[in-house]
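Read through the structure below, which is laid out as structure tokens, and then see the notes.
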Amino acid sequence: MADEVWLVRHGATEWSVAGRHTSTTDLPLLPEGEEGARALAPRLADVGFALVLTSPRQRARRTAELAGFPDAEVEPGLVEWDYGDYEGVTTATIRETVPGWSVWTHPVPGGETAEEVAARIDAVLARLAGVEGRALLFAHGHALPAVAARWLGLPVSEGRHLPLDTTTISVLGRRRDDAVVTRWNA
């Protein structure tokens, strides 16, 4: 297994700024999202990664490119949680008809279940099992907390405790025999 897994959430998009759920809608980065992605480059430049993967969505691919990783390999398993009927809708709007709704704990009509997300993320983590050194993943605000939860051996729903801002770096690692979060939302 990779010694460390570094996670980078993509830069700001129109919908991420507005709090709209964005999975399959392939939005570009806003100018401030591009600026934030460029600011990641010096923070990542001297780290050294054995494997760099990105979600296929343009917001993640462009963040990887601007952060200094234009050759990041596209990994379909890193796409954002499929929000189905809730694509483009805010949590506040959903809660008008489904009180207390959360992607982590409630059904997503027409979208993915937590179990489906877990299977997808587990396949990505299985791929990292053969990596010696560090891996770097560029992805999304629900997909990456799901990666962290599964890294820790927890259900995907526990990702709800790990919110991510755009263009942040988080690091998963190991201490002795335990999987740990060594940095979050930095």
Quick one: which residue in T54, T63, T13, T24 is of a type in the set (S, T, Y) and surrounded by fewer than 21 Cβ atoms within 10 Å (Cβ to Cβ)? T24
Need pairs with beta-carbon distance below 8 Å; first residue farther than 21 Å from A2 by Cα and without any contact (Cβ under 8 Å) to a residue 40 or more places away in the chain and within region 142-165, second among the small types (G, A, S) and assigned to a loop (DSSP other than H, G, I, E, B); sequence gap 6+ or separate chains. P163/G141
Could you grab me the full set of residues in region 135-186 that are under 23 Å from R61 (Cα atoms) and of a type in the set (V, I, T)? V147, T166, T167, T168, I169, V171
Can you report the number of residues in region 66-88 which are closer than 22 Å to E115 by Cα, surrounded by 15 or more Cβ atoms within 10 Å (Cβ to Cβ) and not small (G, A, S)? 9
Sort out which residues of region 90-99 are assigned to a helix (DSSP H, G or I) and either surrounded by 14 or more Cβ atoms within 10 Å (Cβ to Cβ) or touching a residue at least 60 places away in the same chain (Cβ under 8 Å) (or both), and write them in order of number. T91, A92, T93, I94
Please work out if T13 is among the β-branched types (V, I, T) and within 19 Å of E75 (Cβ to Cβ). no
Just the residues that are in contact with a Gly (Cβ under 9 Å, 6 or more places away or on another chain) and within 20 Å of P163 (Cα to Cα), please, taken from region 81-106. W81, D82, Y83, Y86, E87, T90, T91, A92, V103, W104, H106
Over region 122-159, the set of residues more than 19 Å from D178 (Cα to Cα) and loosely packed, with under 15 Cβ neighbours inside 10 Å is A123
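No value in this document is a laboratory result; all are computed from the given coordinates. Since we're looking at a predicted model, the values are computed, not measured. Neighbour counts run over all protein chains shown; Cβ positions are idealised from the backbone, glycine included.
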